[in-house]
Amino acid sequence: MYIYQTMSNSFGYLDIILLGMIAGFIILRLRSILGRKTGHESKVYPNFAEKNFSMPKQESEPVTQNLNVLEGKNKKEFLKGAEIAYESILTAFSNGDLIKLKALLSSNMFSNFSEAIKVRNKENIKSEFTFIGVKESSVEKYEKIKDNLFATVKFVAEVISVKRDKDNKIIEGNPDKIKFVTDSWKFTKNINNKSPNWYLSEIISQ
């Protein structure tokens, strides 16, 4: 009985060894056929490998604007710029900022504004100005004369404006009162000028 059990156990161990050898042989064969991963294989990502991407095509010819009229989107953008210019010019004049004024005014208007600032400084008049905002703006007239464009804009705005003498005494305005002002300004632009800027060329008396 003991001998039988010993032989049975021996055959069991032999079976395990043989199976292990067969498995090892199969693994070696598979590795030789399929090869090993080296870490340098190219990576392929599903749904991306063959996907094409293209930049949007630009229009071959620029859209030509009709300069004889001012309407639609162009009119809206113009008024927005005119409102910014209106505030900038009034504020710059109050502060005596000639550099900013020169960039926004025609040469004739710049001379007028500069002279007014000189007179104000000579008389020691202090200007205090607060721009509240534009309540309304509209294009009253638009025309093209040869190579020049002209647009007259009506502004209705709220401001606080005060003038003081050399003794700091108020001679005009009220620092605690917001007032409405209505102005009609004419802007101009030369179509041959590469700059897209418009310039204030005239203040029309009401």
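The values are calculated or read from the model by the stated rules, or taken from the named source; none is laboratory data. Keep in mind that this is a model prediction, so the values were computed, not measured. Cβ placement follows ideal geometry from the backbone for every residue including glycine, while neighbour counts extend to all protein chains displayed.
Annotations
- Contact annotation: residue pairs with Cβ atoms under 6 Å, 6 or more positions apart or on different chains, pairing a residue in the range 168-191 that is in contact (Cβ under 8 Å) with a residue 60 or more places away in the chain with a partner that is aromatic (Phe, Trp, Tyr), are ASP183/PHE155; PHE187/TRP198; THR188/PHE150; THR188/TYR199.
- Qualifying residue in the range 70-78 (condition: at pLDDT below 95, part of a loop (DSSP other than H, G, I, E, B) and either in contact with a helix residue (DSSP H, G or I) (Cβ under 9 Å, 6 or more places away or on another chain) or within 16 Å of TRP198 (Cβ to Cβ) (or both)): yes
- Within the range 104-113, being surrounded by fewer than 16 Cβ atoms within 10 Å (Cβ to Cβ) and without any contact (Cβ under 8 Å) to a residue 24 or more places away in the chain holds for SER107, SER111, ASN112.
- Count of residues meeting criterion [aliphatic (A, V, I, L, M) and either more than 21 Å from TYR199 (Cα to Cα) or in contact with a Gly (Cβ under 7 Å, 6 or more places away or on another chain) (or both)] in the range 125-180: 9
- Of the set (1) surrounded by 12 or more Cβ atoms within 10 Å (Cβ to Cβ); (2) under 29 Å from ASN68 (Cα atoms); (3) more than 26 Å from the chain's Cα centre (by Cα), all apply to LYS146 but (1).
- For ASP167, the conditions (1) of a type outside the set (Ser, Thr, Tyr); (2) in a strand (DSSP E or B); (3) more than 23 Å from LYS100 (Cβ to Cβ) all hold with the exception of (2).
- Among the conditions (1) outside any helix (DSSP H, G or I); (2) within 22 Å of the chain's Cα centre (by Cα), ALA151 misses just one, which is (2).
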